[in-house]
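For reference, the structure discussed in these notes is given below.
The values are calculated or read from the model by the stated rules, or taken from the named source; none is laboratory data. Note that this is a predicted model, so its numbers are computed, not measured. As a convention, Cβ positions derive from the backbone with ideal geometry for all residues, glycine included, and neighbour counts pool all protein chains shown.
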Ligand code: SF4
Ligand code: SF4
């Protein structure tokens, strides 16, 4: 299903041009979390290009991308797939009630050594 | 040699070792690290979106403070380094981000990425020099086999970070050599350990971290070093490998003979 408005918004947020993609699959081949993702980085590129964004918005893959920049570094066409994943994630969490991580979830996850960095980055990625 | 210094939130709390060994080592090497007076947390992960402005401002404030102090800006934590450097690149290269940030902050003078952001490892390599560092070592770590761990944040994206070759880096290896120890060359040194997943899905963090630490062990490492508090946590707490992991600054302080003073 093509959703033009949503597609335009994702392209604008991310600054990515998915039409540069030559479908080589290198981004997904190099993704350290490939096994944990339902949609892989090359599929984000392809599906955003086709305007088929709702399945991505509903996918666990938004939360399992590690933000490691491997796909950004190694794409031979500088497509930067991780930026599309972030843009779709933002489209979800910027909506009213869309936060994926809530402050009340945090205390149960804490331990004595957990660095602050883990908490601030999780909020930056998963909440608005 | 005087620099502005951005420690970041974790170095004030769970990663105090990364900070205090760095300060002791810097003092021993005649480097003055002046902590920025009013720094704010960088947020721990670079906001990639073109329309994210507010989340970049804490970095912009630090960058401007360093410019106004007339010094380069030194970072210690891999994540802070990644965020500050990428935001600095946006301020230089993205007119829209620079203009919006200037409006938000009501800047009298525009900021377009003038500050040079350097990681402490780069300072040791480029300003002190590893040859000189080697001469300053009083307790060489002879015979210790150390795995340098870059992870994802120090090197990538290479075109922005400009730190070292993102696929075949040598800076931490050469740092280890300068301390008299032996670097282990191993495949997963720039593979992500999955640390960001620790709150979201701990199993992922455990699996990735174990794979990384096992790979270092399989190549004969007795110890791993990192500049990232989240990597250290993940590779010791979540990995099942039992390989000790330390901050690079701790070994530096040890080799310079100032570990006890720190
Ligand atoms: S940034 Fe995300 S999608 Fe890209 S390689 Fe890393 S984990 Fe995979
Ligand atoms: S690596 Fe780049 S060009 Fe290749 S499939 Fe992924 S996005 Fe497309």
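Can you tell me which residue among A:95, A:87, A:91, A:122 is modelled with pLDDT under 95 and within 17 Å of residue A:10 (Cα to Cα)? Steps first, answer last, please.
Values: A:87 fails: modelled with pLDDT under 95; A:91 fails: modelled with pLDDT under 95; A:122 fails: within 17 Å of residue A:10 (Cα to Cα).
Among A:95, A:87, A:91, A:122, only A:95 is modelled with pLDDT under 95 and within 17 Å of residue A:10 (Cα to Cα).
Every residue in region A:21-57 that is closer than 16 Å to residue A:73 by Cβ, touching a residue at least 12 places away in the same chain (Cβ under 8 Å) and more than 10 Å from ligand 2 (Cβ to nearest atom), please.
Once the filter is applied, which keeps residues that are closer than 16 Å to residue A:73 by Cβ, touching a residue at least 12 places away in the same chain (Cβ under 8 Å) and more than 10 Å from ligand 2 (Cβ to nearest atom), region A:21-57 yields A:32, A:33.
Which of (1) buried (at least 21 other Cβ atoms within 10 Å of the Cβ); (2) touching a helix residue (DSSP H, G or I) at 6+ places or on another chain (Cβ under 6 Å); (3) in a helix (DSSP H, G or I) is the odd one out, the single condition residue A:86 does not satisfy?
Residue A:86 satisfies all of (1) buried (at least 21 other Cβ atoms within 10 Å of the Cβ); (2) touching a helix residue (DSSP H, G or I) at 6+ places or on another chain (Cβ under 6 Å); (3) in a helix (DSSP H, G or I) except (2).
Can you pull out every residue in region B:38-79 that is in a helix (DSSP H, G or I) and in contact with a strand residue (DSSP E or B) (Cβ under 6 Å, 6 or more places away or on another chain)?
Correct list: B:62, B:66, B:69.
Looking at (1) within 13 Å of chain B (Cβ to nearest Cβ); (2) at negative phi; (3) crowded, with 16+ Cβ neighbours inside 10 Å, which one does residue A:69 not meet, given that it meets all the others?
Residue A:69 satisfies every listed condition except (2).
Among (1) touching a helix residue (DSSP H, G or I) at 6+ places or on another chain (Cβ under 7 Å); (2) closer than 17 Å to residue B:31 by Cβ, which single condition is residue B:86 missing?
Answer for residue B:86: the failing condition is (2).
Identify all residues within region A:38-63 that are near ligand 1 (Cβ under 10 Å from one of its atoms) and either touching a strand residue (DSSP E or B) at 6+ places or on another chain (Cβ under 7 Å) or in a loop (DSSP other than H, G, I, E, B) (or both); write none if there are none.
Within region A:38-63, A:39, A:40 qualify.
Based on this model, can you work out whether residue A:102 counts as more than 16 Å from ligand 1 (Cβ to nearest atom), touching a residue at least 24 places away in the same chain (Cβ under 8 Å) and either over 12 Å from the mean Cα position of the chain (by Cα) or closer than 21 Å to residue B:83 by Cβ (or both)? Write out each step before concluding.
Working: more than 16 Å from ligand 1 (Cβ to nearest atom): yes; touching a residue at least 24 places away in the same chain (Cβ under 8 Å): yes; either over 12 Å from the mean Cα position of the chain (by Cα) or closer than 21 Å to residue B:83 by Cβ (or both): yes.
Yes.
Looking only at region A:1-30, which residues are more than 14 Å from chain B (Cβ to nearest Cβ) and under 20 Å from residue A:64 (Cβ atoms)? Full working, then the answer.
Restricting attention to region A:1-30, the residues satisfying the condition of being more than 14 Å from chain B (Cβ to nearest Cβ) are A:1-7, A:18-25, A:28.
Listed by number, the residues that qualify are A:25, A:28.
Each row is one residue, and each column tells you yes or no for (1) in contact with a strand residue (DSSP E or B) (Cβ under 8 Å, 6 or more places away or on another chain); (2) in the same structural domain as residue B:74 (by TED's automatic domain parsing); (3) surrounded by fewer than 18 Cβ atoms within 10 Å (Cβ to Cβ); (4) modelled with pLDDT of 95 or more.
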site	(1), (2), (3), (4)
B:210	no, no, no, yes
B:216	yes, no, no, yes
B:222	yes, no, yes, yes
B:230	no, no, no, yes
B:235	yes, no, no, yes
B:239	no, no, no, yes
B:253	no, no, no, yes
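Does residue A:73 satisfy the condition of being under 11 Å from the mean Cα position of the chain (by Cα) and within 16 Å of ligand 2 (Cβ to nearest atom)? Steps first, answer last, please.
On the way: under 11 Å from the mean Cα position of the chain (by Cα): no; within 16 Å of ligand 2 (Cβ to nearest atom): yes.
So residue A:73 fails the test.
Among helices (runs of 4 or more DSSP H) lying entirely in region B:131-239, which contain 3 or more residues that are closer than 25 Å to residue B:16 by Cα, within 15 Å of the chain's Cα centre (by Cα) and within 12 Å of chain A (Cβ to nearest Cβ)? Even if it seems obvious, please write down each step before you answer.
On the way: elements: B:158-161, B:171-178, B:202-218, B:229-233.
Passing ranges, in order: B:229-233.
Does at least one position in region B:191-204 carry a residue that is within 23 Å of residue A:71 (Cα to Cα) and touching a strand residue (DSSP E or B) at 6+ places or on another chain (Cβ under 8 Å)?
Restricting attention to region B:191-204, the residues satisfying the condition of being within 23 Å of residue A:71 (Cα to Cα) are B:191-204.
Among the residues that remain, those that are also touching a strand residue (DSSP E or B) at 6+ places or on another chain (Cβ under 8 Å) are: none.
No, region B:191-204 contains no residue that is within 23 Å of residue A:71 (Cα to Cα) and touching a strand residue (DSSP E or B) at 6+ places or on another chain (Cβ under 8 Å).
Look through A:111, A:35 and report the one residue that is loosely packed, with under 13 Cβ neighbours inside 10 Å, part of a loop (DSSP other than H, G, I, E, B) and in contact with a helix residue (DSSP H, G or I) (Cβ under 9 Å, 6 or more places away or on another chain).
Details: A:35 fails: part of a loop (DSSP other than H, G, I, E, B).
Answer to the selection: A:111.
Residue B:99 is checked against (1) in a helix (DSSP H, G or I); (2) within 19 Å of the chain's Cα centre (by Cα) and fails just one. What number does that condition carry?
Single failed check for residue B:99: (2).
Restricted to region A:72-99, and to residues that are within 9 Å of chain B (Cβ to nearest Cβ) and at positive phi, which residue is nearest to ligand 1 (Cβ to nearest atom)?
Across region A:72-99, the extreme among qualifying residues is A:80.
Which condition number does residue A:98 fail, the rest of (1) in a helix (DSSP H, G or I); (2) within 19 Å of residue A:5 (Cβ to Cβ) being met?
(1)
Only one of these conditions is not met by residue A:102: (1) out of contact with any helix residue (DSSP H, G or I) (no Cβ under 8 Å at 6 or more places or on another chain); (2) facing another protein chain (nearest Cβ under 10 Å). Which number is it?
Just one mismatch for residue A:102, condition (2).
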